[in-house]
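K.L.:
My questions all concern the structure below.
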Amino acid sequence: MSYFLYLLRCADGTFYCGVTNDLEKRLYAHNFLKSGAKYTRSRRPAALAYSKRFRTKGAALKAEWKIKKLSREEKMKLVSVSRSARLRDAKE
């Protein structure tokens, strides 16, 4: 089983970081269900800004802890670099 670290950009421009084993289901919950995080319920819609797959839950949780310690500017840079890499890979 894989685990995903994800970073959401909420409607108010803030970020929310979490870990899940079913990314699509969790994104749906954040945007449409009461089982989404309390933080994102009042800041909908929340869009996926960044995600990374991990083999173990422990590794994903460790990465989540590191991202939560980043400043807003550092999170924005992470999203920007990730997006640039995806666009570059799509062109190849």
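K.L.:
Does the range 20-41 contain any residue that is exposed (fewer than 11 other Cβ atoms within 10 Å of the Cβ) and either among the basic types (Lys, Arg) or in contact with a strand residue (DSSP E or B) (Cβ under 6 Å, 6 or more places away or on another chain) (or both)?
P.N.:
yes
K.L.:
If you check every pair at least six apart or on different chains, which have Cβ atoms under 7 Å apart with a residue in the range 21-45 that is within 28 Å of Ala59 (Cβ to Cβ) first and a residue that is hydrophobic (A, V, I, L, M, F, W, C) and assigned to a loop (DSSP other than H, G, I, E, B) second?
P.N.:
Within 7 Å, the pairs are Asn21/Met1; His30/Ala37; Arg43/Ala11.
K.L.:
Tell me, which residue of the range 15-48 that is polar (S, T, N, Q), in a loop (DSSP other than H, G, I, E, B) and touching a helix residue (DSSP H, G or I) at 6+ places or on another chain (Cβ under 8 Å) is modelled with the highest pLDDT?
P.N.:
Going residue by residue through the range 15-48, those that are polar (S, T, N, Q) are 20-21, 31, 35, 40, 42.
If we keep only those that are in a loop (DSSP other than H, G, I, E, B) too, we end up with 21, 35, 42.
Keeping just the survivors that are touching a helix residue (DSSP H, G or I) at 6+ places or on another chain (Cβ under 8 Å) gives 21, 35.
On the way: Asn21: 98, Ser35: 89.
The selected residue is Asn21.
K.L.:
Can you tell me which residues in the range 1-13 are more than 11 Å from the chain's Cα centre (by Cα) and free of Cβ contacts under 8 Å to residues at least 40 places away in the same chain? Break it down stepwise before answering.
P.N.:
Quick first cut of the range 1-13, residues more than 11 Å from the chain's Cα centre (by Cα) only: 1-3, 11-13.
Once the filter is applied, which keeps residues that are more than 11 Å from the chain's Cα centre (by Cα) and free of Cβ contacts under 8 Å to residues at least 40 places away in the same chain, the range 1-13 yields Met1, Ala11, Asp12, Gly13.
K.L.:
Something else now. When you go through (1) more than 14 Å from the chain's Cα centre (by Cα); (2) within 21 Å of Asn21 (Cα to Cα) one by one for Ala47, which number turns out not to apply?
P.N.:
Against the list (1) more than 14 Å from the chain's Cα centre (by Cα); (2) within 21 Å of Asn21 (Cα to Cα), Ala47 comes up short only on (1).
K.L.:
What are the pairs, 6+ residues apart or on separate chains, where a residue within the range 47-76 that is under 21 Å from Glu24 (Cα atoms) and aromatic (Phe, Trp, Tyr) has its Cβ under 7 Å from a residue that is modelled with pLDDT under 95 and in a helix (DSSP H, G or I)?
P.N.:
Pairs that qualify, where the first residue is under 21 Å from Glu24 (Cα atoms) and aromatic (Phe, Trp, Tyr) and the partner is modelled with pLDDT under 95 and in a helix (DSSP H, G or I), are Tyr50/Leu78; Tyr50/Val79; Tyr50/Ser82.
The values are calculated or read from the model by the stated rules, or taken from the named source; none is laboratory data. This one's a predicted model, so the numbers in the text were calculated from it and none came from an experiment. Quick reminder, even Gly has a Cβ in these numbers, built from the backbone with ideal geometry, and neighbours come from all protein chains shown.
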